[in-house]
């Protein structure tokens, strides 16, 4: 979301009053009858200051998109990150201030024109006091919009026409590493949880079809109400964007979570989001053979040595679509891309809701 630079109340007032003084100085040197000049000077100071402040407020209001017109993904992303209701309230406050300053401009310009010349300066001073009071009343709203600008600066740009695959899984299972292997994205990769603070996006084109791969922040196996902002961003991507989910399970458990817990989370994600899911059993190059006595089941790959996967039997027997990979070494990348090519885009219909008319701010 493109939010322009947000001024402080002092910056807004300083700019308005300085421009008002400059405009008044021009009137002071003009050929205006002496008995009218003092009134014209003060009227110009008021109207110019009001116009400058109003123009800045209007620029902010015009450049912030109407949240209700945005796709649901962006609406939810904004709500999670800064709060949609708080955003609406802040914008409503600026709109309120714009209206009040418009009225003050009209009222005091008329009063100065009708007043005796010796009262013009007092009326202008009075007008400035009223203007300052209005602008200072929206300080917390300007502060909020500045906060929103900082936090929404890196909001992802989504191609809603592309086929979208969301990579999900626990923290530190290799999602970002995989994204770097199969797309042009360069997300930060490190060996500690929650490296991915926001949604990362990579792109590739296969057979003249655009494919968008989204690396979500790590999910933890807990209720949505207990999730932090990072996890909620992942849920938003899954809900509104995924044409398929590629769920990564770290078979080495170096992510810090047992395979059993990872599998349970995948089942929960699969239950909530009704889209195709491909399981990617990652870190096969450093996997440890489970010591339970399962029937031996081995796989031989061209790009990996013979790997004992008997300890995965109880999971693989329940899964229709899976790959055994090593994202770090690039093993299985070709097979993953082949899977990506087969994903079909889901046509989603956005619900159109009529927004309630905003009440007056004050």
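The values are calculated or read from the model by the stated rules, or taken from the named source; none is laboratory data. What you see is a predicted model, and the numbers here were worked out from it, not measured in a lab. In this analysis, Cβ positions are derived from the backbone assuming ideal geometry, glycine residues included, and neighbour counts consider all displayed protein chains.
To keep it simple, each residue is scored yes or no on (1) in a helix (DSSP H, G or I); (2) touching a helix residue (DSSP H, G or I) at 6+ places or on another chain (Cβ under 8 Å); (3) without any contact (Cβ under 8 Å) to a residue 60 or more places away in the chain; (4) surrounded by 15 or more Cβ atoms within 10 Å (Cβ to Cβ).
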{"residue": "78", "(1), (2), (3), (4)": "yes, yes, no, yes"}
{"residue": "91", "(1), (2), (3), (4)": "yes, yes, yes, yes"}
{"residue": "124", "(1), (2), (3), (4)": "yes, yes, no, yes"}
{"residue": "132", "(1), (2), (3), (4)": "yes, yes, no, yes"}
{"residue": "149", "(1), (2), (3), (4)": "yes, no, no, yes"}
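Mind counting the residues in the range 141-164 that are within 22 Å of residue 242 (Cα to Cα) and modelled with pLDDT under 90? Count: 11.
For residue 91, the criteria (1) at pLDDT 95 or above; (2) on the phi > 0 side of the Ramachandran plot hold in every case but one, which is (2). The residues listed here are 279, 263, 311; of these, the one that is crowded, with 16+ Cβ neighbours inside 10 Å, assigned to a helix (DSSP H, G or I) and at pLDDT 90 or above is 263. Could you please let me know if residue 102 is under 30 Å from residue 213 (Cα atoms) and exposed (fewer than 15 other Cβ atoms within 10 Å of the Cβ)? No. Counting only residues that are under 23 Å from residue 264 (Cα atoms) and modelled with pLDDT under 85, the range 176-190 holds 1 of them.
Does residue 202 meet the test of being under 29 Å from the mean Cα position of the chain (by Cα), at pLDDT below 70 and buried (at least 20 other Cβ atoms within 10 Å of the Cβ)? Let's see the steps before the verdict.
On the way: under 29 Å from the mean Cα position of the chain (by Cα): yes; at pLDDT below 70: no; buried (at least 20 other Cβ atoms within 10 Å of the Cβ): yes.
The answer is no for residue 202.
Among the residues of the range 258-286, those that are out of contact with any strand residue (DSSP E or B) (no Cβ under 7 Å at 6 or more places or on another chain) and under 20 Å from residue 314 (Cβ atoms) comprise 258, 260, 261, 264, 265, 267, 268, 271.
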